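Asker: Would you mind keeping the following structure in view while I ask a few things?
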Amino acid sequence: MEGFIDLVLALFLAFSIGRLLEEGFSRLGVPSVLGDLSVGIVFGASLLGWYPVNDVVKAFSVFGVFLLLFYAGLETRYSEFMRSLPVYGIITLGEVLAAFSLGYIIGISFGYPPKSAYFVGTVLVATSVSVSVKSLVEIKKLHTLEGYTVMGIAVLDDLAALITIVVGASLVKTGTINFETVSEILLIAISAWLIIVVLLHRYGSYISRLASHLHTDESILVSILATVLGLTLLSQYINLSPLVIAYAAGLGFSEAWGSKVAAEKVRLLAVLFSPLFFITTTAEIDLKTAIVPQYIPFYTTMIIAAFIGKLLGGGLTSFLVGYPAWASFRIGVGLFPRAEFCIIAAYMGYTYHVIGADVYLAALLIIVATNFLTPPILKYVYSHGPQYDPLKFKPKIVLVMEKLMRKTTKTR
């Protein structure tokens with residue numbers, strides 16, 4: 001009963017104080033996740049110490065973020081995602097390498113060992129899809145060339161962040177940065193991810209239609225969740241993160257028969273339990289140990305790098321593949337916001353004992369800075385320079401690929 005009462009207390013704080021703070025931050029125009037993080041700081045080890053952090057609460061919190069990622073996958077349209085995947089993939093590779101490299105260099109420069117510097121770099125990788133969408137919607141620029149591109153890259157960013165976290169876990173276990181091991185993990189992760197996505201896209205409707213003939217309540221939802229959970233169990237044999245499986249399964253089921261109804265119900269579960277993850281992550285860490293003057297240069301450098309990494313990586317790579325200069329600049333700015341994955345990366349590094357509370361606090365500060373500053377910057381860059389029609393414009397790399405495909409077809 002003790003574990004149950006702790007869970008009740010955790011849920012009570014999440015549903016009451018957490019929801020009130022979520023509402024407050026939402027009204028300020030920033031991600032509501034900051035409300036959950038604030039609950040962890042106030043009621044956790046940093047201040048009051050009331051929030052219970054044990055195996056039961058941790059298990060429910062991880063299940064919550066698992067559902068959140070599954071829901072994010074369900075809300076991503078498979079056909080649209082796969083159609084532009086090559087271009088988005090090239091840009092994502094460029095901006096991820098830039099952001100990660102910048103963070104790694106900062107970590108080494110401030111005296112962190114290579115394994116710790118790796119997680120410093122990982123903190124800077126992922127863009128927040130939800131924040132990017134909200135910012136673009138507010139200025140009515142979501143359905144633009146740059147808006148579509150930012151969304152595609154942001155989705156791939158999440159996958160890149162998950163892969164870097166998984167690779168980081170392997171590096172901690174092996175004790176060295178072994179590029180052969182990294183390549184093997186990347187190959188396994190990407191291959192498994194693609195296989196799951198493609199197979200579920202092909203057979204997902206069969207699963208949901210068969211389930212619809214059952215007489216039990218919520219048969220479609222239960223069948224879809226059973227499939228995802230079964231794949232998660234199998235993934236443990238190849239050391240693939242459950243979070244990777246969650247998003248892949250969601251994307252695979254995104255266009256299946258009955259997926260829209262299932263998505264709404266998964267969203268309800270995610271809304272209920274995912275706040276526990278963000279509260280628990282901050283509640284477990286005593287941030288007082290990180291609030292010292294000697295860390296101020298590190299925090300300042302990390303915040304600046306959060307902006308520069310995306311601007312150079314996303315913006316410059318977009319320009320190199322054929323986007324106009326203004327469009328490339330807007331794409332870089334659209335990739336500024338950070339949220340959930342920034343915290344996940346920092347928390348994973350902290351649990352592996354390779355980074356301290358200072359890096360975790362840096363992640364929190366990055367979330368605050370990028371989410372407060374991105375909307376006005378986006379509004380400014382969209383109010384200047386030419387506008388581009390997404391239906392008429394194609395990047396040079398796409399034109400080259402289409403030309404090669406036509407030549408191949410004629411040859412055949």
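The values are calculated or read from the model by the stated rules, or taken from the named source; none is laboratory data. None of the values given here were measured: they were computed from a predicted structure. All Cβ positions, even for glycine, are placed from backbone atoms using ideal geometry, and neighbour counts span all protein chains on display. Each accessible area value is taken on the protein alone, full model and side chains, heavy atoms only, with ligands, DNA and RNA left out. Shrake-Rupley method; radii C 1.70, N 1.55, O 1.52, S 1.80 Å.
Asker: If you take the square roots of the eigenvalues of the alpha-carbon gyration tensor of region 77-126 and sort them as a ≥ b ≥ c, do you get rounded (a/c under 1.5), prolate (a/b over b/c) or oblate?
Answerer: Here region 77-126 falls in the prolate category.
Asker: If you rank Glu218, Glu146 by how much accessible surface each has, with a 1.4 Å probe, what is the order from largest down?
Answerer: Details: Glu218 85, Glu146 5 Å².
Largest to smallest exposure gives the sequence Glu218, Glu146.
Asker: Report the full-extension gain for the segment Leu85 to Ile296: residue separation times 0.36 nm, less the Cα-Cα distance, to one decimal in nm.
Answerer: 72.0 nm
Asker: Quick check for you: with a 1.4 Å probe and neighbouring chains kept, what is the accessible area per residue of the chain, in Å²? Write down the numbers at each step before the final one.
Answerer: Values: 19260 Å² over 412 residues.
I get 47 Å² per residue for the chain.
Asker: In whole angstrom, note down how far apart the Cα centers of region 54-119 and region 184-211 are.
Answerer: 20 Å
Asker: What distance in nm lies between label points placed 7 Å from Cα along the C-beta direction at Tyr203 and Tyr237?
Answerer: Placing both labels 7 Å beyond Cα along the Cβ direction yields 1.4 nm.
Asker: Right, another one. Evaluate E = 1/(1 + (r/R0)^6) for Phe372 and Ala59, where r is the Cβ-Cβ distance and R0 equals 35 Å; express this FRET efficiency to the nearest 0.05.
Answerer: About 0.60, to the nearest 0.05.
Asker: For the chain, which whole percent of the accessible surface, found with a 1.4 angstrom probe, sits on carbon and sulfur atoms? Mind dumping the intermediate values first?
Answerer: Details: 13240 of 19260 Å².
Taking all protein chains in place, the chain shows 69 percent carbon and sulfur surface.
Asker: From the Cα gyration tensor of region 194-277, with a ≥ b ≥ c the square roots of its eigenvalues, which class applies: rounded if a/c is under 1.5, or else prolate if a/b is larger than b/c, or else oblate?
Answerer: Note, shape of region 194-277 comes out oblate.
Asker: If you don't mind, there's one more thing I want to ask. Under unit Cβ charges (Lys, Arg +1; Asp, Glu -1), what dipole magnitude, rounded to 20 debye, does the chain have relative to its Cα centre?
Answerer: Here the chain has a charge dipole of around 1700 debye.
Asker: What is the calculated FRET efficiency for Ser191 to Trp50, with r their C-beta to C-beta distance and R₀ = 56 Å, to the nearest 0.05? Walk me through the intermediate numbers first.
Answerer: On the way: r = 45 Å, r/R0 = 0.80.
Between Ser191 and Trp50 the formula returns 0.80.
Asker: Next question, about the same structure. Output the peptides 87-98, 38-49 sorted from most to least packed, where packing is the average of other Cβ atoms within 10 Å over each peptide's residues.
Answerer: 87-98, 38-49
Asker: Which order do peptides 345-351, 243-249, 121-127, 364-370 fall in by mean Cβ count within 10 Å, highest first?
Answerer: Those peptides, ordered most packed to least, come out 121-127, 243-249, 345-351, 364-370.
Asker: Here is a further query. What distance in nm separates the simple spin-label points at Ser212 and Glu184, each placed 7 Å from Cα in the Cβ direction?
Answerer: 4.5 nm
Asker: Is any helix in the chain, taking whole DSSP H runs, at least 15 angstrom long along its axis by alpha carbon and on average at least 0.0 on the Kyte-Doolittle scale, and which ones?
Answerer: Working: long enough: 2-13 (17 Å, 1.99); 33-43 (16 Å, 2.04); 55-74 (28 Å, 1.82); 85-109 (35 Å, 1.64); 145-174 (43 Å, 1.43); 179-212 (47 Å, 1.26); 219-235 (24 Å, 2.22); 242-253 (16 Å, 1.73); 259-283 (34 Å, 1.07); 296-310 (22 Å, 1.37); 340-351 (16 Å, 1.05); 357-382 (37 Å, 1.37); 396-411 (23 Å, -0.09).
In the chain, the long hydrophobic H runs are 2-13, 33-43, 55-74, 85-109, 145-174, 179-212, 219-235, 242-253, 259-283, 296-310, 340-351, 357-382.
Asker: At a probe size of 1.4 Å, how large is the accessible area of Leu231, to the nearest 10 Å²?
Answerer: 50 Å²
Asker: Tell me the net charge near Phe307. Cut-off is 13 Å between Cβ atoms, Phe307 excluded, with +1 for each Lys or Arg and -1 for each Asp or Glu.
Answerer: Once positives and negatives cancel, what remains is +1.
Asker: Could you state how much accessible area Leu28 has, in square angstrom rounded to the nearest 10, with a 1.4 Å probe and all protein chains kept in place?
Answerer: Here the residue's solvent-accessible area equals roughly 120 Å².
Asker: Do the sum for the chain: with -39,500 (n - 2.57) for every DSSP H run of n ≥ 4, divided by all residues, what is the mean residue ellipticity at 222 nm, to the nearest 500 deg cm²/dmol?
Answerer: About -24500 deg cm²/dmol.
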